[in-house]
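The values are calculated or read from the model by the stated rules, or taken from the named source; none is laboratory data. What you see is a predicted model, and the numbers here were worked out from it, not measured in a lab. Here the Cβ positions follow ideal geometry from the backbone for every residue, glycine too, while neighbour counts run over all protein chains shown. Keep in mind that these areas ignore ligands, DNA and RNA; they rest on the heavy atoms of the full protein, side chains included. Shrake-Rupley method; radii C 1.70, N 1.55, O 1.52, S 1.80 Å.
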Amino acid sequence: MMPESPPRPRRIRILREEVSRKIAAGEVIDRPFSILRELLDNAIDAGASAIDVFLEAGGLGRIRVVDDGAGMGREDLADCWKPHATSKIESEDDLLRVSTLGFRGEALASIAICSRLTITSCEAANEPAHRLEVVGGVVQGIEASHGRQGTVVDVAELFFNFPARKKFLRSVSAESSLCRAIFIDRAVSHPAITFRLFTDGEVKLSLPRASHVERISLSYPQQIDPRMLFESAARGNGFAAEVVAARPEVRRRDRKLIQVFVNRRRVSEYSLMQAAEYGFSGFVPGGWYPIAFVFIDIDPGLVDFNIHPAKKEVRFRNLPEVHSSVVAAVRAGLGTAKLSQSPFEPARLRKAVSAPAAGGGALPFLPPEKSLPPVQADTAGIRFLGQVFGVFLVFELSGRLLILDQHAAHERIIYERLGTRVPKLQEMLFPLSFDVSEEEEGRLEANLEDLAGMGIQIRRVGSRSYEITAISDDFRPLREDVLVELVRGAGGEEWREALRATAACRLAIKEGDAVDPMTARELCAQSLRLAVPRCPHGRPLWHELSEDELRKLVDRPPVTASGPGASSPPA
Ligand code: ADP
Ligand code: MG
């Protein structure tokens, strides 16, 4: 026998009826994966650093979850399977700030009723272990046992006493894949915990403690290459948003890999999935979806999970704020990951080329549904042949070969727009503060209005201390330090030009960026409308060759006397 140690405090209580009545209940344990979900949540709530899951016959034969968490003493073990027994909340007020995954005190009770449930638990290495067995809701006994610190929950003979429920189960392989999906959901949101999944004695997944990026790519080895992932974060009042997403080249036809987790629970919160998608707009073409894992860590007082018995739904006090943070995080990540800025972005380049731009000025907007803008006679026949050397887009039109510098062309188009459009300012979620020198302050003060007119609103917050409070969409993709640098230069020689040129350069697609055919054609059509077909630094945007010039290069006779089409690009 072990030496007597003072008894550990009990943790589990049976909820008073006034409290249990307030809890969204009802979901029965109806299939193996819902049992696995509850057991995983309990292991995580117990503070486990490693969790092993053993499934037999897709969970229909056996589900066993082994953790190294806090464990239970004899008394707690004796109570844990009773209805409304929980250590996680006590009063109705606690419901307003639940920080654990569980809180209903119902899972073990429902499992105990429809299976042979055995729980072995031990609170610490030098404490005795105990084993509880409940069959079909009837306690068989609780006895001393052996075990390391932690808990082993074993659920066997599922629904042996509920033949009707058994009929609703699907095949072993279907149940098995539902279990695997739940396992992955929990693993993805808890990268600091080591997880292993064994099915019918074989290791199926082994996920060592890892970073979020590693955990996600190991959990979806077929779909996600870790080199394609980037991370980004944003903060708000009482919450933080973290996004792990794949570069936009890796896109999907479905939304399966747009996943939202709130306080580490996977939730079906459509508006936040949509926020992630929205952050990618302009990078992922229509009909495709990005890969994005969104993790919101929020003050439990700002969310309510007590809506759905399986806690799949959540209500936010501040959904709009969380929504814009997710968008901001995705955008920031796309920006710093130096990803291609595709002109697909509706606000940026879905502009008509139907009307010639007066003086090379602003191009009218096209409704976003019209993905292919109508083009004039001289550009209607643009045939995109492809991209060469990572920077040139090659087109055939009107009997000519046109070679366009993708970066320079896009840069010029943006540059023109920055000079002519009246910017629509948008409040920044988090004002960007910065300090300036005395000299800079003088110039900045003199130009605050001008800056606002160009799309950057600034507020003085103290001596030589300012905040950018609102910016136009045009400047949004700029890195914060770049934006601040540009603003500091305000009022100096030619700063207006510099602001436009730098912004245009940063926003434009780069050398090496992939460009899809539709974007390429738009770029070509718009370039042809420019009054000055040169980049803001003065380099020409394109080189063209007529068919005859090409023939001449290889000593072929010219095609016809009439020569190439009359509508050549403006020089
Ligand atoms: P809930 O998780 O909502 O509290 P459960 O029925 O899932 O309700 O579990 C009841 C109680 O049993 C928990 O509150 C917890 O104290 C205890 N318990 C369950 N599983 C474990 C575990 N793996 N390790 C330690 N304690 C556990
Ligand atoms: Mg639980």
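In straight-distance terms, cross-link reach from Lys82 covers every one of the aspartates and glutamates whose alpha-carbon lies under 12 Å from its own, apart from those fewer than eight places away in the same chain; here that gives Glu106. Magnitude of the charge dipole for the chain, about its Cα centre and with charges confined to Cβ atoms of Lys, Arg (+1) and Asp, Glu (-1), is about 1400 debye. Within the set Lys166/Lys204; Lys167/Lys311; Lys256/Lys312, which residue pairs have Cα atoms separated by over 24 Å? Distance filter (> 24 Å) returns Lys166/Lys204; Lys167/Lys311. When exposed loop sites are taken as chymotrypsin sites (Phe, Trp or Tyr not before Pro) in a DSSP loop with at most 12 other Cβ atoms within 10 Å, the longest stretch of the chain clear of them is 169-388. Volume of the convex hull of the stretch 212-337 (Cα atoms only), normalised per residue: 99 Å³. Per-residue 3J(HN,Hα) values for the stretch 124-129, derived from phi via the Karplus relation 6.51 cos²θ - 1.76 cosθ + 1.60 with θ = phi - 60°, read 7, 3, 9, 9, x, 9 Hz in sequence order (x marks Gly and Pro).
Shape annotation for the stretch 132-223: C-alpha extents along the principal axes are 45, 37, 22 Å, from largest to smallest.
Note on the stretch 212-337: with charges restricted to the Cβ of Lys and Arg (+1) and Asp and Glu (-1), its dipole about the Cα centre is near 280 debye. Positive-end ranking of Leu39, Ala70, Ile113 along the dipole of the stretch 36-127, with charges on Cβ about the Cα centre, is headed by Ile113. Across the chain, Cα-Cα pairs more than 29 Å apart make up 64 percent of the total.
Sequence-distant contacts, meaning Cα pairs under 8 Å at least 6 residues apart, place the relative contact order of the stretch 21-172 at 25 percent. When the charge dipole of the stretch 212-337 is built from unit charges on Cβ atoms (+1 for Lys and Arg, -1 for Asp and Glu) and taken about the Cα centre, the candidate among Val326, Gly279, Ile216 whose Cα reaches farthest toward its positive end is Ile216.
One decimal place: the segment Arg459-Gln223 gains 80.4 nm when fully extended, by the rule 0.36 nm per residue minus the C-alpha distance.
Hey, could you get me the Stokes-Einstein D for the stretch 17-207, Kirkwood radius over alpha-carbon pairs, 37 °C and 0.692 mPa s, rounded to whole µm² s⁻¹? For the chosen part, D equals 195 µm²/s. Can you give the FRET efficiency for Asp435 and Ala50, using 1/(1 + (r/R0)^6), R0 = 51 Å, r = Cβ-Cβ distance, to the nearest 0.05? It comes out at approximately 0.60. Within the assembled protein chains, the solvent-accessible surface assigned to Ser49 is about 60 Å², based on a 1.4 Å probe.
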